[in-house]
1. If you place +1 on the Cβ of every Lys and Arg and -1 on the Cβ of every Asp and Glu, how big does the dipole about the Cα centre of the range 9-103 come out, in debye to the nearest 20?
2. By how many nm would the segment from residue 142 to residue 74 lengthen if fully extended, with 0.36 nm per residue of separation less the alpha-carbon distance?
3. Determine, for 244, 257, the number of other Cβ atoms within 10 Å of each Cβ, and report the residues in order from fewest to most.
4. Using a cut-off of 14 Å between beta-carbons, work out the net charge of the residues near residue 17 (Lys and Arg +1, Asp and Glu -1, residue 17 not included).
5. Any aspartates and glutamates with Cα under 12 Å of the residue 206 Cα? List them, leaving off those in the same chain fewer than 8 positions away.
6. Treating the beta-carbon of each Lys and Arg as +1 and of each Asp and Glu as -1, no other charges, what is the dipole magnitude of the range 115-324 about its Cα centre, to the nearest 20 debye?
7. Return the Rg/Rh ratio of the range 59-174 with Cα-based radii and a Kirkwood Rh.
8. How much length is gained on full extension from residue 134 to residue 321, taking 0.36 nm per residue of separation minus their Cα-Cα distance?
Amino acid sequence: MAVYTDVAADELAQFLDRYELGELLSYKGIAEGVENSNFLLHTSTGTFILTLYEKRVAKGDLPFFLNLMTHLAAHGISCPQPLRDKQGAALGTLAGRPAAIINFLEGVWPRKPNVAHCAGVGQALAKMHLAGQNFSMSRANALSVSGWRPLFETAAPRADELQHGLRAFLAAELDRLEDGRWPRNLPQGVIHADLFPDNVFFLGDKLSGLIDFTFACNDMLAYDVAICLNAWCFESDHSFNVTKARAFLNAYGRERKLSGAEQDALPLLARGAAMRFLLTRLVDFLNVPPGALVRPKDPLEYVRKLRFQQGVNSIRDYGVEQSGLVA
């Protein structure tokens, strides 16, 4: 979450007249995240999140995101629900941006994820993958391997400003990931594609909800697992925590078994996932709009994670044996 687009009070009041939300008591921008403009709304009927979808999010994709949340909730996944206005529409326009209001989920995201948090997100991710199997809509993953070269070319001229040799490091790894070995025939479905700790809410150690589906798409389910390995199983000093990885993978496997092919591919998928977030973070870090209320995330965190994943030989390096996870 972030704020790129300001909303005037009178514009917001006019927008809210379309809903049955009572009187607006207060609203404020939310600085966390990097993609869209988000505001916390307090009204006489409750607390809500207002999202203005910025230019990186294609307007034509918004029905996919909004309908997916509705579908997942109907299948037992705790996630925000889009509110519909008096005419039944879940999407409107505010301050020149597509806008939606979603309900507020109780909980906080874990600043220092522990083993129980990792197990909780593993279980929730697997359940989400299963719940999405009969979702009727689809959306291609524009940030899979075919989308990384354009990101690299955008960031490459200035990459060495951040770290000497970064451009060459990225170029060599991208050549490796594009060499034809990227998996193509693994089980596919709806993935979250951005399930970082700040997109998962907990009450204590109990997971209370998954949020922010604006990267959700159809891709390999194991790629979503790889994204979470990178996001949840490293410490603040960027060292890999095998205990967290074991808890995450075992919890996932209890709900949805990973095939042998998925397990064999996981180290390469984790390298690709590290490259994807390194590149998008780098582009965002180098191009923060002046005056935007946003905290760009550190691209170098993912340099360190990528270097670790380059040395992984098999799923055993993540602390688990294949026999416990094979379907």
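Bear in mind these aren't lab numbers, they're just calculated from the coordinates by the rules spelled out. Model, not experiment: these values are computed from the prediction. Heads up, the Cβs are rebuilt from the backbone with ideal geometry, glycines too, and the neighbour counts pull from every protein chain shown.
1. Dipole magnitude for the range 9-103 comes out near 220 debye.
2. Here the answer is 21.8 nm.
3. With the sparsest Cβ surroundings first, the list reads 257, 244.
4. Computed value for this residue: -3.
5. 106
6. For the range 115-324, the charge dipole is close to 280 debye.
7. Using only Cα positions, Rg/Rh for the range 59-174 is 1.07.
8. Extra length available between residue 134 and residue 321 comes to 64.3 nm.
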